[in-house]
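As structure tokens, the structure follows; a few thoughts come after it.
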Amino acid sequence: MASPLAEIIQQNYLSESNAALNSQIQLQLYATYVYLSMAFFCNRDEVALEYFALFFLTMSQRWMERTERLFLLLSERHGFLTLGRIADEGRHDWIDGFMAMECAFHLEKTLNQSLLQLYDLANSNGDICLCKILKRHFLHQQVEIIKEMGGYLTNLRQLGAPENHLAEHLFDKLTLAETTKEN
């Protein structure tokens, strides 16, 4: 039987981990909504960036899948899910695809920082299982998507974006369309 002190430490650990997982889930749901909004924006007739829209829709779906993975983890650990309102803190007034991609890049960096903080918490608490899950299903993918989006922004700038809107359409049809076909 565990000592009362050990039980208090265990409860604090579970409470801290549960709160951190809930916070991460909330941020990921926010990302899902923002990406849906970006996809809708890019798909509008006056914007007409079909493959930008598809890219953002895919990102929304990826974050929903990752969120579901954390739901399952909480359930397996008999944790508590505390869903709040999805904050509308971000910009949803993008004027072009370049601006939406820049916002997406910053969103991914924010998500990465949050995941790293969750990993540090798990590591400091000796939670090997959570560390493995984060490494396998989150952190490595984050590095890749940040690198990919950074490359997209560089390519867009080289084509003349954001001043030249034709650059976005070329990038949409040539780069994002090819990436979509590969995936």
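The values are calculated or read from the model by the stated rules, or taken from the named source; none is laboratory data. Please read these numbers as outputs of a predicted model, since none were measured by experiment. Note that we place each Cβ from the backbone using ideal geometry, even for glycine, and neighbour counts take in every protein chain shown.
Would you tally the residues in the stretch 108-141 being loosely packed, with under 14 Cβ neighbours inside 10 Å, assigned to a loop (DSSP other than H, G, I, E, B) and of a type in the set (Asp, Glu)?
Count: 0.
Tell me, yes or no, whether the stretch 73-88 has at least one residue that is out of contact with any helix residue (DSSP H, G or I) (no Cβ under 7 Å at 6 or more places or on another chain), assigned to a helix (DSSP H, G or I), of a type in the set (A, V, I, L, M, F, W, C) and at pLDDT 85 or above.
There is no residue in the stretch 73-88 that is out of contact with any helix residue (DSSP H, G or I) (no Cβ under 7 Å at 6 or more places or on another chain), assigned to a helix (DSSP H, G or I), of a type in the set (A, V, I, L, M, F, W, C) and at pLDDT 85 or above.
Output the residues belonging to the stretch 127-151 that are within 30 Å of Glu46 (Cβ to Cβ) and touching a residue at least 12 places away in the same chain (Cβ under 8 Å).
Ile145, Ile146, Met149, Gly150
Restricting the search to the stretch 89-107, which residues are closer than 17 Å to Ala161 by Cα and out of contact with any helix residue (DSSP H, G or I) (no Cβ under 9 Å at 6 or more places or on another chain)?
The answer is Ile95, Met99.
Keeping to the stretch 55-96, report how many residues are more than 18 Å from the chain's Cα centre (by Cα), surrounded by 14 or more Cβ atoms within 10 Å (Cβ to Cβ) and not aliphatic (A, V, I, L, M).
4
Within the stretch 103-145, restricting attention to residues that are among the hydroxyl-bearing types (Ser, Thr, Tyr) and modelled with pLDDT of 95 or more, which residue is nearest to Leu74 (Cα to Cα)?
That would be Tyr119.
Restricting the first residue to the stretch 69-80 and requiring it to be farther than 17 Å from Leu27 by Cα, which pairs with a second residue that is among the small types (Gly, Ala, Ser) meet a Cβ separation below 6 Å and a spacing of at least six or different chains?
As it stands, the answer is none, since no pair meets every condition given.
From the list Thr179, Thr154, which one is in contact (Cβ under 8 Å) with a residue 60 or more places away in the chain and either assigned to a helix (DSSP H, G or I) or surrounded by fewer than 18 Cβ atoms within 10 Å (Cβ to Cβ) (or both)?
Thr179
Say whether the condition of being surrounded by fewer than 21 Cβ atoms within 10 Å (Cβ to Cβ), within 13 Å of the chain's Cα centre (by Cα) and modelled with pLDDT of 95 or more is met by at least one residue in the stretch 40-54.
No.
Go through Glu148, Glu144 for me and flag whichever is touching a helix residue (DSSP H, G or I) at 6+ places or on another chain (Cβ under 9 Å) and either outside any loop (DSSP other than H, G, I, E, B) or of a type outside the set (D, E, K, R) (or both).
Glu148
Can you confirm whether Ala167 is over 13 Å from Phe52 (Cα atoms), among the aliphatic types (A, V, I, L, M) and surrounded by 14 or more Cβ atoms within 10 Å (Cβ to Cβ)?
No; evaluated as a whole, the condition is false for this residue.
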